[in-house]
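The values are calculated or read from the model by the stated rules, or taken from the named source; none is laboratory data. Quantities reported herein were computed from a predicted structural model and do not represent experimental measurements. Please note: Cβ atoms are built from the backbone with ideal geometry, for glycine as well, and neighbour counts cover all protein chains shown. In case anyone asks, the SASA skips ligands and DNA or RNA and just uses the protein heavy atoms, side chains included. Shrake-Rupley method; radii C 1.70, N 1.55, O 1.52, S 1.80 Å.
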Amino acid sequence: MQTRNGTPEGPLSFQRMILTLHDYWSERGCVILQPYDMEMGAGTFHPATTLRALGPDSWNAAFVQPCRRPTDGRYGENPNRLQHYYQYQVILKPSPADLQDLYLGSLAAIGVDMTKHDIRFVEDDWESPTLGAWGLGWEVWCDGMEVTQFTYFQQMGGYDMKPVAGELTYGLERLAMYIQDVDNVYDLRFNDAGVSYGDVFLENEKQMSTWNFEIADTDTLFDAFRKAAAECERCLEAKLPIPAYEQAIKASHTFNLLQARGVISVAERQAYMGRVRDLAKGACGAWMDKNGWAA
Amino acid sequence: MTDFLLELRSEEIPARMQAGARENLAKLFAAELAKAGLSAGEIVTYAGPRRLALIARGLPPATEAVSEEVKGPRASAPPQALEGFLRKTGLTREQLTERDGVLFAITEKPGRATAQVLAEAIPAIVRAFPWPKSMRWGAESASTESMRWVRPLHAIVALFGGEVVPFEVAGITSGNVTRGHRFHAPAEILLTGADTYVAQLRAAKVLVDQDERAAIIRARASALAAEAGLELVEDEGLVAENAGLTEWPVPLLGRFDEAFLEVPPEVIQLTARVNQKYFVCRDGNGKLANAFVCTANIEATDGGAKIVEGNGKVLAARLSDARFFYETDLKAGLQNLGSKLGRLIFHEKLGDMGGKAERVAWIGRLLVEQSKIFSNGPKIEPLSTLSEGDQIRLIETAAKLSKNDLGSGMVGEFPELQGIMGGYYANAQGEDPQVADAIRNHYKPVGASDDVPNGPIAIAVSIADKLDTILAFFSIGEKPTGSKDPFGLRRAALGVIRTIIVNKLRFRLRDVLGQVQLPGLSVPDVDGVIAFFIDRLKVQQREAGVRHDLIDAVFALGGESDMVRLLSRVHALQAFVTTDDGTNLLAGYKRAANILKKEGVEGDQSWTAPTYTLEPAEADLIAALDAAEPKAAEAVRAEDFEAAMAALASLRAPIDRFFDDVTVNDADPAKRTARLALLARVRAAVHTVADFSRIEG
């Protein structure tokens with residue numbers, strides 16, 4: 001059964017949920033961006049979050065960001081874990097006074113009935129050692145399941161936020177599984193025309209898991225890490241923070257791949273993370289300089 | 001008298017910070033009142049996820065007027081003196097008061113309205129509030145000097161009587177408006193005052209009193225379990241946490257798939273508790289049941305059906321993860337899990353966990369073979385069935401396997417399960433039950449309220465593990481200082497002490513410590529380590545009411561390091577020094593010791609009976625010493641410290657009489673020397689029991 005605007009009744013499909021969130025945040029003044037065209041581990045890495053969170057200017061944006069977490073790959077065999085999944089990211093600077101209400105409004109928009117479900121804000125302080133960033137906030141629980149990370153950024157790239165930005169990161173697959181009431185991510189209805197999440201991504205998960213864990217050439221990766229780091233520094237010298245930041249993203253993802261290949265020892269791990277942090281901080285610093293903002 | 005209501009409404013305050021916040025609010029508020037010369041009849045505080053509140057009852061309407069008087073020059077003093085005084089006080093001659101020819105400046109400070117005091121005090125408290133972690137937010141945060149609070153602060157209600165106490169802090173104007181439950185009663189509520197606060201919010205589905213929420217959770221969760229024919233596993237930590245996460249707690253019981261019960265109950269309980277904050281239940285046989293109790297924050301329109309279903313699903317996903325780890329670990333086996341220990345660093349200067357396990361095995365052997373820790377105290381079963389060789393074999397096996405579970409997936413996921421998982425995996429691979437028990441319990445006691453290990457193999461491995469940790473860190477100079485004890489050495493020492501005392505293990509700690517030489521590390525400073533243990537013993541015993549100076553008094557005699565004997569002597573001593581005999585003997589002893597010190601008579605003196613005619617009191621004291629000395633020595637040997645004290649008590653009257661009747665500092669040098677030697681005998685006799693010079697008072 002179709003409603004007038006072509007949306008079927010009942011729980012939203014995966015893509016309809018995204019479109020609904022786009023509408024919701026668009027109506028509230030956000031720039032709706034498309035995903036960044038680089039591999040990254042979290043939506044927070046998107047320059048629209050990291051770089052734009054810095055400085056005094058107001059900035060409101062929402063976007064879907066594909067996230068790659070090579071070590072979370074399970075060859076498509078685990079109903080809850082993926083090496084590639086989607087985050088819906090909202091960044092609002094300065095953080096509006098009614099951010100919690102705005103967020104709850106978005107849950108209502110995608111069909112969470114708050115008279116029947118238990119929504120809770122449970123302490124969860126966020127820290128990204130590779131971005132030199134931290135914030136305070138919560139993981140938002142819906143009936144005991146974490147569906148969103150809700151953070152008031154306090155520092156980014158080692159710089160105090162002036163002003164503070166609020167960041168919402170929705171786990172789209174989890175939310176969709178919840179709304180559609182399915183136990184296996186591959187069973188999600190992707191659209192309303194019979195295509196499932198598995199139809200779109202199962203083969204991808206299998207092949208990418210194999211590549212991440214078994215095939216990826218580690219020499220090539222080590223080389224790529226070094227080159228990205230070197231290129232980042234060249235960009236910093238040339239006072240080009242955006243390309244420098246892209247190289248930091250590249251180095252970060254390459255490091256994640258090396259981790260998945262199991263070729264980085266515990267002792268080295270800290271050193272690699274420190275290197276990525278320095279690159280990211282360098283890019284943030286250059287961005288501040290470029291804009292003439294004081295620390 | 002009037003009541004004051006303060007409510008600070010914010011976004012969700014972390015549950016773990018709420019109790020501390022109440023305490024700080026009450027303390028800071030009382031301090032601000034005191035500064036203004038005010039005090040409240042009663043201060044009550046409330047904390048929940050979205051509000052921190054305070055009610056102060058019985059405040060006066062104003063502070064009292066004070067009259068301040070400053071003395072000035074005499075009325076007859078020269079004009080310069082008067083001018084100086086007038087300048088200082090800012091008054092004129094006419095405003096001064098003359099009394100008995102002296103001028104006084106008297107200023108009347110009128111009382112201030114309490115509301116005015118509060119209007120200044122509350123912003124000060126809010127600005128300086130000591131949250132463990134705080135943040136900035138919103139447009140104001142363009143300056144890093146903007147207000148900090150634990151999460152964004154939205155509104156402040158301040159009512160003195162029914163009136164708003166007006167002030168502004170960080171852009172928030174105080175008022176009388178609050179809101180109720182986020183979903184049940186989000187509309188504005190006009191608060192009328194302190195008396196009605198709790199009731200007005202209750203009507204808006206908010207229970208402001210954390211104790212009431214805790215009581216509801218406790219009672220309802222138990223009742224739900226009972227209705228299902230089960231018994232709730234009580235957990236006060238969870239009660240408090242859930243009370244801190246809800247404004248209107250609604251416990252709900254759900255079930256999970258029975259198949260998950262294959263996973264060890266500790267894992268299920270921990271998964272439920274840590275990740276989801278659920279209670280678990282036992283069945284009639286005391287076994288973990290496939291039920292959980294979660295605490296929702298709403299009265300759902302469907303009675304909670306959806307909430308239970310959702311929570312059950314999350315728990316199932318968690319448990320299937322846990323089962324995956326458990327099965328993978330079992331498949332690998334405890335032996336194989338140990339292959340990862342070489343990669344797990346104990347400390348960068350102290351090698352890996354594999355090396356530690358080897359050292360624990362070796363110290364465990366020492367404890368039995370050299371120190372005979374099980375030979376002299378009461379028998380700990382099943383020791384009677386084990387030869388010393390068997391004991392050593394089991395201890396070494398357990399010690400070498402004790403750290404292997406650190407390489408398991410399960411402990412990787414839940415570090416709290418270290419030891420416990422090792423115990424399960426040891427059982428699964430058919431190790432001796434005592435080995436499995438030792439692996440399981442060797443970290444015990446984990447905290448002050450945790451049990452100590454009680455099986456002999458577990459006791460040995462537990463003590464060996466902790467001694468190794470203490471010695472190793474001492475040998476690289478990592479000793480606890482002040483409030484810093486990053487490697488938990490104090491806890492480890494306390495654990496050893498409690499394990500020894502509870503199990504009445506009879507051995508000298510010094511003997512073991514003296515023999516331990518850790519490979520590649522410098523020889524530890526045994527005296528330093530012993531002193532560290534004695535310090536811990538004092539701290540621990542203080543709670544039991546044992547005096548630290550008495551521990552010193554006993555320890556001072558040859559550095560007693562048999563903890564059981566030391567304590568039993570201290571207990572007897574403490575009982576004795578509070579008696580009349582004890583107090584007087586101590587006084588006599590101190591008098592004797594002071595004379596000896598003044599005369600430079602140190603240590604034991606050879607004793608020969610004097611040849612001059614003794615005064616009666618002198619002869620009595622010698623006779624009393626002749627009788628008491630062997631009794632005290634024998635009693636100490638037999639570790640009958642009450643009897644040793646009784647022997648000393650017999651000296652009290654003769655010593656008192658001696659000091660009353662006899663002059664030590666006699667003109668005759670022979671008498672003087674002999675009497676000093678007699679006092680030295682007294683001192684030595686007392687020292688068979690304890691060094692009384694260390695006793696305070």
Original post:
Between residues in region B:1-27 that are away from every other protein chain (no Cβ under 14 Å) and free of Cβ contacts under 8 Å to residues at least 40 places away in the same chain and residues that are crowded, with 18+ Cβ neighbours inside 10 Å and in a helix (DSSP H, G or I), which pairs lie under 6 Å by C-beta distance while being six or more apart or on different chains?
Top reply: none
**OP:** Go through region B:48-66 residue by residue and tally those that are among the small types (Gly, Ala, Ser) and assigned to a strand (DSSP E or B).
**Re:** 4
**OP:** Give the residues of region B:398-436 that are outside any helix (DSSP H, G or I), of a type outside the set (D, E, K, R) and open to solvent by less than 10 Å² (accessible area, probe 1.4 Å), sorted by residue number.
**Re:** B:402, B:408, B:419
Original post:
What number of residues within region B:99-139 are open to solvent by 30 Å² or more (accessible area, probe 1.4 Å), away from every other protein chain (no Cβ under 14 Å) and either of a type outside the set (Val, Ile, Thr) or under 32 Å from the mean Cα position of the chain (by Cα) (or both)?
Top reply: 15
**OP:** Might you let me know whether region B:159-167 holds any residue that is in the same structural domain as residue B:31 (by the TED database), over 37 Å from the mean Cα position of the chain (by Cα), open to solvent by less than 30 Å² (accessible area, probe 1.4 Å) and at pLDDT below 95?
**Re:** yes
Subject >> Selection count, region A:120-136, where residues are open to solvent by 40 Å² or more (accessible area, probe 1.4 Å), more than 10 Å from chain B (Cβ to nearest Cβ) and part of a loop (DSSP other than H, G, I, E, B) >> reply: 1
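Table: residues versus (1) outside the structural domain of residue B:636 (by the TED database); (2) closer than 15 Å to residue B:636 by Cα; (3) surrounded by fewer than 17 Cβ atoms within 10 Å (Cβ to Cβ).
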position	(1), (2), (3)
B:552	yes, no, no
B:555	yes, yes, no
B:563	yes, no, no
B:575	no, no, yes
B:583	no, no, yes
B:587	no, no, yes
B:597	no, no, yes
B:606	no, no, yes
**OP:** Could you tell me which of the residues B:490, B:510, B:498, B:440 is among the basic types (Lys, Arg), over 27 Å from residue B:391 (Cβ atoms), out of contact with any strand residue (DSSP E or B) (no Cβ under 9 Å at 6 or more places or on another chain) and part of a helix (DSSP H, G or I)?
**Re:** B:490
**OP:** Could you tell me whether region A:260-267 includes any residue that is in a helix (DSSP H, G or I), under 30 Å from residue B:342 (Cβ atoms) and either acidic (Asp, Glu) or under 25 Å from the mean Cα position of the chain (by Cα) (or both)?
**Re:** yes
Subject >> Residue that is least open to solvent (accessible area, probe 1.4 Å), among those in region B:634-667 that are in a loop (DSSP other than H, G, I, E, B) and within 13 Å of residue B:686 (Cα to Cα) >> reply: B:651
Original post:
Across region B:345-397, which residue is farthest from residue B:564 (Cα to Cα) among those that are among the polar types (S, T, N, Q) and touching a helix residue (DSSP H, G or I) at 6+ places or on another chain (Cβ under 8 Å)?
Top reply: B:397
Subject >> Unique match (being more than 17 Å from residue B:564 (Cα to Cα) and open to solvent by less than 50 Å² (accessible area, probe 1.4 Å)) among B:514, B:488, B:495 >> reply: B:488
Original post:
For region A:237-256, how many residues meet the condition of being in a loop (DSSP other than H, G, I, E, B) and within 17 Å of residue A:132 (Cβ to Cβ)?
Top reply: 0
Original post:
Which condition number in (1) without any contact (Cβ under 8 Å) to a residue 60 or more places away in the chain; (2) under 36 Å from the mean Cα position of the chain (by Cα); (3) within 9 Å of another protein chain (Cβ to nearest Cβ) is the one that residue B:357 fails?
Top reply: (3)
Subject >> Hits in region B:1-30 (condition: open to solvent by 50 Å² or more (accessible area, probe 1.4 Å), in a helix (DSSP H, G or I) and of a type in the set (A, V, I, L, M)) >> reply: B:19, B:28
Original post:
Would a scan of region B:80-99 turn up a residue that is assigned to a strand (DSSP E or B), of a type outside the set (Val, Ile, Thr) and modelled with pLDDT of 85 or more?
Top reply: yes
Subject >> Selection status of residue B:69, open to solvent by 60 Å² or more (accessible area, probe 1.4 Å) and part of a strand (DSSP E or B) >> reply: yes
Original post:
Which condition number in (1) among the hydroxyl-bearing types (Ser, Thr, Tyr); (2) under 20 Å from residue A:257 (Cβ atoms); (3) away from chain B (no Cβ under 14 Å) is the one that residue A:71 fails?
Top reply: (3)
**OP:** Show the residue pairs that are 6+ apart or on different chains and have beta-carbon atoms under 7 Å apart, the first residue being within region A:148-160 and touching a residue at least 60 places away in the same chain (Cβ under 8 Å), the second being open to solvent by less than 30 Å² (accessible area, probe 1.4 Å) and of a type in the set (Asp, Glu).
**Re:** A:153/A:167
Subject >> residue B:269 at pLDDT below 95, open to solvent by 30 Å² or more (accessible area, probe 1.4 Å) and assigned to a helix (DSSP H, G or I) >> reply: yes
**OP:** Identify the residue in region B:300-338 that is in a loop (DSSP other than H, G, I, E, B) and more than 9 Å from every other protein chain (Cβ to nearest Cβ) and, among all such residues, is surrounded by the most Cβ atoms within 10 Å (Cβ to Cβ).
**Re:** B:333
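Condition check ((1) within 14 Å of chain B (Cβ to nearest Cβ); (2) aliphatic (A, V, I, L, M); (3) surrounded by fewer than 20 Cβ atoms within 10 Å (Cβ to Cβ)) across all residues:
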position: A:138; (1), (2), (3): yes, no, no
position: A:150; (1), (2), (3): yes, no, no
position: A:168; (1), (2), (3): yes, yes, no
position: A:177; (1), (2), (3): yes, yes, no
position: A:191; (1), (2), (3): no, no, yes
position: A:214; (1), (2), (3): no, no, yes
**OP:** Quickly run through region B:274-299 and pick out the residues that are open to solvent by 50 Å² or more (accessible area, probe 1.4 Å) and either part of a helix (DSSP H, G or I) or without any contact (Cβ under 8 Å) to a residue 12 or more places away in the chain (or both).
**Re:** B:274, B:285
